[in-house]
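Participant: Structure incoming, see below.
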Amino acid sequence: QKEVEQNSGPLSVPEGAIASLNCTYSDRGSQSFFWYRQYSGKSPELIMFIYSNGDKEDGRFTAQLNKASQYVSLLIRDSQPSDSATYLCAVNPGGTYKYIFGTGTRLKVLA
Amino acid sequence: GAVVSQHPSRVICKSGTSVKIECRSLDFQATTMFWYRQFPKQSLMLMATSNEGSKATYEQGVEKDKFLINHASLTLSTLTVTSAHPEDSSFYICSARNSRQSSSPLHFGNGTRLTVT
């Protein structure tokens, strides 16, 4: 069983819609959760991080964490074509320095 | 915000030569840095964990004698690809976290695109 799982996509949404990206993780003791965006040919860039159950909002982005169900999601409101990229979920299990990455979900926002 | 500088961004070398890639944390100390490799349309693959002042920890299947890692200071790690072959052509990315902040996010360098001819 993979430690961090994401649907590879592509997830296609029309411009202006809400894109919902999901990630599940296997280590129940995980403490920190991160979302990165990676454009083709570029390195990942940090979008958001979340540590506590619930929602965390930053502009058009909302991260949602549910530790009981072991999932973390990223919502992108008012999606733009420039949001088209691969979104990587990363988890930092408690007590270690390692960051476990999912394989990423490719998002396509259609103009 | 935290910045990780990686150099060079692009390098072309001949088979059999060695290439050094530098990774610097510009505004924070990083006792641990990570080196990844990514082939086109594939996921990030962790190659090794670079530890300041001690030996790097390599992931299974990564040759430590081929990919030499040195982490001589709290802000600098280097990856040297020795005796490069065309199959080593890839996108190499380093990342680092702020050692002084628990649960600090990883910040990535801009990557180095290596082409071995």
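The values are calculated or read from the model by the stated rules, or taken from the named source; none is laboratory data. Model, not experiment: these values are computed from the prediction. In this analysis, Cβ positions are derived from the backbone assuming ideal geometry, glycine residues included, and neighbour counts consider all displayed protein chains. Accessible surface areas use protein heavy atoms only, side chains included; no ligands, DNA or RNA. Shrake-Rupley method; radii C 1.70, N 1.55, O 1.52, S 1.80 Å.
Participant: Can you tell me which residue in the range A:83-111 is farthest from the other protein chains (Cβ to nearest Cβ), limited to those that are open to solvent by 70 Å² or more (accessible area, probe 1.4 Å) and touching a residue at least 24 places away in the same chain (Cβ under 8 Å)? Walk me through how you get there before you give the answer.
Facilitator: Residues of the range A:83-111 that are open to solvent by 70 Å² or more (accessible area, probe 1.4 Å), as a first pass: A:95, A:97, A:106, A:108, A:110-111.
In the following step, the residues that additionally are touching a residue at least 24 places away in the same chain (Cβ under 8 Å) were identified as A:95, A:106, A:108, A:110-111.
Values: A:95: 10, A:106: 10, A:108: 14, A:110: 20, A:111: 23 Å.
My answer is A:111.
Participant: Report, by residue number, each residue of the range A:18-36 that is within 13 Å of residue A:75 (Cα to Cα) and open to solvent by 40 Å² or more (accessible area, probe 1.4 Å).
Facilitator: A:18, A:20, A:22
Participant: Could you list all residues from the range B:12-47 that are open to solvent by less than 30 Å² (accessible area, probe 1.4 Å) and assigned to a strand (DSSP E or B)?
Facilitator: B:13, B:19, B:21, B:23, B:25, B:32, B:33, B:34, B:35, B:36, B:38, B:47
Participant: Specify which of the listed residues (B:73, B:77, B:83, B:95) is of a type in the set (Gly, Ala, Ser), more than 12 Å from chain A (Cβ to nearest Cβ) and either open to solvent by 70 Å² or more (accessible area, probe 1.4 Å) or within 15 Å of residue B:112 (Cβ to Cβ) (or both).
Facilitator: Values: B:73 fails: either open to solvent by 70 Å² or more (accessible area, probe 1.4 Å) or within 15 Å of residue B:112 (Cβ to Cβ) (or both); B:83 fails: either open to solvent by 70 Å² or more (accessible area, probe 1.4 Å) or within 15 Å of residue B:112 (Cβ to Cβ) (or both); B:95 fails: more than 12 Å from chain A (Cβ to nearest Cβ).
Result: B:77 is the single residue among B:73, B:77, B:83, B:95 that is of a type in the set (Gly, Ala, Ser), more than 12 Å from chain A (Cβ to nearest Cβ) and either open to solvent by 70 Å² or more (accessible area, probe 1.4 Å) or within 15 Å of residue B:112 (Cβ to Cβ) (or both).
Participant: Every residue in the range B:1-54 that is over 18 Å from residue B:104 (Cβ atoms) and among the β-branched types (Val, Ile, Thr), please.
Facilitator: B:11, B:12, B:17, B:19, B:21
Participant: Continuing with this model, one more query. Which members of the range A:62-82 meet the condition of being of a type in the set (A, V, I, L, M, F, W, C) and open to solvent by 30 Å² or more (accessible area, probe 1.4 Å)?
Facilitator: If the condition is that a residue be of a type in the set (A, V, I, L, M, F, W, C) and open to solvent by 30 Å² or more (accessible area, probe 1.4 Å), then A:68, A:75 are the ones that fit.
Participant: Let me spell it out: the conditions are (1) open to solvent by 50 Å² or more (accessible area, probe 1.4 Å); (2) more than 18 Å from residue B:24 (Cβ to Cβ); (3) charged (D, E, K, R), and residue B:88 meets all of them except one. Which number is the exception?
Facilitator: Here residue B:88 meets the rest and fails (1).
Participant: Right, next: Would the range B:99-111 turn up any residue that is part of a strand (DSSP E or B), out of contact with any Lys or Arg (no Cβ under 6 Å at 6 or more places or on another chain) and within 14 Å of chain A (Cβ to nearest Cβ)?
Facilitator: yes
Participant: Restricting to the range A:34-67, give me the number of residues that are among the small types (Gly, Ala, Ser), at the interface with another protein chain (Cβ under 10 Å from one of its Cβ atoms) and touching a residue at least 12 places away in the same chain (Cβ under 8 Å).
Facilitator: First, the residues of the range A:34-67 that are among the small types (Gly, Ala, Ser): A:40-41, A:43, A:52, A:54, A:59, A:63.
Filter once more, keeping what is at the interface with another protein chain (Cβ under 10 Å from one of its Cβ atoms): A:40-41, A:43.
With the extra rule that they be touching a residue at least 12 places away in the same chain (Cβ under 8 Å), the set shrinks to A:40.
Residues in the range A:34-67 being among the small types (Gly, Ala, Ser), at the interface with another protein chain (Cβ under 10 Å from one of its Cβ atoms) and touching a residue at least 12 places away in the same chain (Cβ under 8 Å): 1 in total.
Participant: Please determine, by comparing only the residues of the range B:48-70 that are within 13 Å of chain A (Cβ to nearest Cβ) and not in a loop (DSSP other than H, G, I, E, B), which one is farthest from residue A:8 (Cα to Cα).
Facilitator: Of everything passing the filter in the range B:48-70, B:51 is farthest from residue A:8 (Cα to Cα).
Participant: Just the residues that are in a loop (DSSP other than H, G, I, E, B) and on the phi < 0 side of the Ramachandran plot, please, taken from the range B:71-98.
Facilitator: Applying the first criterion (in a loop (DSSP other than H, G, I, E, B)) to the range B:71-98 yields B:74-75, B:82-85, B:89, B:97-98.
Residues satisfying the conditions are B:74, B:75, B:82, B:84, B:85, B:89, B:97, B:98.
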